[in-house]
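Only one structure is covered here, and it is reproduced in the block below.
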Amino acid sequence: MYTREEASNIKQAFWTAFGQYLSPVTSAEGLKVNWVNYKTGLKNVYFRMQADKRTASIGIELTHPDAGIQELFFEQFKELRNVLHSYLGEEWDWQLHTRDEYGKTISRIGTVMEGVSVFKREDWPQIISFFKPRIIALDEFWSDAKYSFEALK
């Protein structure tokens, strides 16, 4: 069992290592990008990666406080579902109006890898290998798809 500070330090070390590993990789548009804190350019639309003691997950989170507007964004992503899955090479789970860990209503499109722990350094290569192709695929998708969301800004 780790103290809160130890757990925080381990997670910070993982994300630093992940960021350094991906730092030479440029975006689909050839730009330098912060992969750990990816900027979509749209308020309330995030590409999130999370790793904890049992799982690693990656996905698109829609956090607009107005449930109706959140649903509009979700519907726009659904229009692009086949395009998204073609970039990813896999199907993801789609959840409209679920709750995050703070009880806030969000919508999420994502995938989870079970049986890994960010607290086990020996799992880090597996977690990084899970995140890397998916965040790059999300970036490639977003470089084409972001224009579809202009009217929703």
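The values are calculated or read from the model by the stated rules, or taken from the named source; none is laboratory data. Everything quoted here is computed from the prediction, not taken from an experiment. Neighbour counts run over all protein chains shown; Cβ positions are idealised from the backbone, glycine included.
Observations, loosely collected:
- Looking only at residues in the range 1-33 that are surrounded by 11 or more Cβ atoms within 10 Å (Cβ to Cβ) and among the polar types (S, T, N, Q), the one that is farthest from the chain's Cα centre (by Cα) is Asn9.
- Output for the range 14-39, where each listed residue is among the hydrophobic types (A, V, I, L, M, F, W, C), touching a residue at least 60 places away in the same chain (Cβ under 8 Å) and closer than 17 Å to Pro125 by Cβ: Phe14, Ala17, Phe18, Leu22, Val25, Trp35
- The requirement of being exposed (fewer than 15 other Cβ atoms within 10 Å of the Cβ) and under 29 Å from Ala13 (Cα atoms) is not satisfied by Asp139.
- Any hit, the range 53-62, residues being over 24 Å from Gln12 (Cα atoms) and within 17 Å of the chain's Cα centre (by Cα): yes
- Residue check for Glu101: surrounded by fewer than 12 Cβ atoms within 10 Å (Cβ to Cβ), under 21 Å from Val36 (Cα atoms) and modelled with pLDDT under 95: yes
- Helices (runs of 4 or more DSSP H) contained in the range 1-115 and holding at least 2 residues over 18 Å from Lys146 (Cα atoms) and among the acidic types (Asp, Glu): 4-22
- Taking the conditions (1) closer than 21 Å to Thr16 by Cβ; (2) of a type in the set (Asp, Glu); (3) surrounded by fewer than 18 Cβ atoms within 10 Å (Cβ to Cβ) in turn, Asp93 satisfies each one other than (1).
- Close contacts from the range 53-64, counting a first residue that is over 16 Å from Trp92 (Cα atoms) and a second that is part of a strand (DSSP E or B) and of a type in the set (Val, Ile, Thr), with Cβ to Cβ under 7 Å and a gap of 6+ residues or different chains, come to Thr63/Ile106.
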